[in-house]
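Chemist: This is the structure I have questions about; it appears just below.
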Amino acid sequence: MIQRKQSLWLFIAALLNAGVFYFDLYRAHIGTSNADIVLPLRVADHYPSLLIALVMTALPFITIFMFANRKRQMRMSFAGILAIISFITLLLFRVTNLGKLTPPPSNGSYWIGAVLPVIALVFMIMAISGIRRDEKLVKSVDRLR
């Protein structure tokens, strides 16, 4: 049902995943002879990151409305977790490839957009545990009949 705890966890995960479109993922500082240039990494600047971010944002939101079929809801939640993990992996690859720029960045830092998918991953795991709990409850009630 829509009013269950896992629906709330899935909605929060979808909101956190949508935050990657608004916040920078990483900011690299490139020091030149006369100025310090800040190079932000954003989702919109990289097409594969954009596609994965769209999928990882849409899947938890769509999964909320699959409450009638808990097995499908569980599979879609696992697919959402896979999308989040692939987004984080792609982000790490993009950050490590910044060293190949000329001139290479002197330093850099992760921003809010890089932390949001990690937090969303925790909420997705909480949603899966709630779906499993509902499935166990339904099976126990069926046994009593």
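Chemist: Say the dipole of the chain comes from +1 at the beta carbon of Lys and Arg and -1 at that of Asp and Glu; which of A127, F93, L51 then lies farthest toward its positive end?
Modeler: Working it through, the farthest residue towards the positive pole turns out to be A127.
Chemist: Here's a follow-up. Give the separation of the Cα centroids, region 69-90 to region 95-126, in Å.
Modeler: For region 69-90 versus region 95-126, the Cα centre distance is 20 Å.
Chemist: Here's something else I'd like to know. Mind checking which of L59, L101, L116 has the largest fluctuation in a GNM of the chain, springs on alpha carbons under 10 Å?
Modeler: Ranking L59, L101, L116 by mean-square fluctuation puts L101 first.
Chemist: Right, another one. Report the local net charge at R133: Lys and Arg +1, Asp and Glu -1, summed over other residues whose C-beta lies under 13 Å from its C-beta.
Modeler: Values: positive: R4, K5, R70, R132, K136, K139; negative: D134, E135.
After counting each charged neighbour, the total is +4.
Chemist: So what's the chain giving for Cα Rg divided by 2.2 N^0.38 Å, two decimals?
Modeler: Numbers: Rg = 19.2 Å, N = 145, 2.2 N^0.38 = 14.6 Å.
The chain yields a ratio of 1.32.
Chemist: What whole-number value in Å² describes the accessible area per residue of region 30-92 for a 1.4 Å probe?
Modeler: 56
Chemist: Calculated FRET efficiency, R94 and I62, Cβ-Cβ r, R0 35 Å, to nearest 0.05? Show your work: numbers first, answer last.
Modeler: Working: r = 27 Å, r/R0 = 0.76.
For R94 and I62, the calculated efficiency is 0.85.
Chemist: Only helical DSSP H runs with n ≥ 4 go in: add -39500 (n - 2.57) per run for the chain, normalise by residue count and round the 222 nm mean residue ellipticity to 500 deg cm²/dmol.
Modeler: Calculated mean residue ellipticity at 222 nm is -22500 deg cm²/dmol.
Chemist: Would you mind working out the magnitude of the charge dipole of the chain relative to its Cα centre, with +1 at each Lys and Arg C-beta and -1 at each Asp and Glu C-beta, to the nearest 20 Debye? Mind showing how you got there, number by number?
Modeler: Details: 16 positive and 6 negative charges, 199 e Å.
The dipole of the chain has a size of about 960 debye.
Chemist: So how strong a dipole does region 35-112 carry about its Cα centre when Lys and Arg Cβ are +1 and Asp and Glu Cβ are -1, to the nearest 20 debye? Walk me through the numbers before you get to the answer.
Modeler: Values: 7 positive and 2 negative charges, 101 e Å.
With Lys and Arg at +1 and Asp and Glu at -1, about 480 debye.
Chemist: On to the next question. Probe radius 1.4 Å, ligands and nucleic acids ignored: give me the carbon and sulfur share of the accessible area of the chain as a rounded percent.
Modeler: Working: 5990 of 8770 Å².
Carbon with sulfur: 68 percent of the solvent-accessible area.
The values are calculated or read from the model by the stated rules, or taken from the named source; none is laboratory data. Quantities reported herein were computed from a predicted structural model and do not represent experimental measurements. Note that each Cβ is placed from the backbone with ideal geometry, even for glycine, and that neighbours are counted across all protein chains shown. Only protein heavy atoms, including side chains, enter the accessible area calculation; ligands, DNA and RNA are left aside. Shrake-Rupley method; radii C 1.70, N 1.55, O 1.52, S 1.80 Å.
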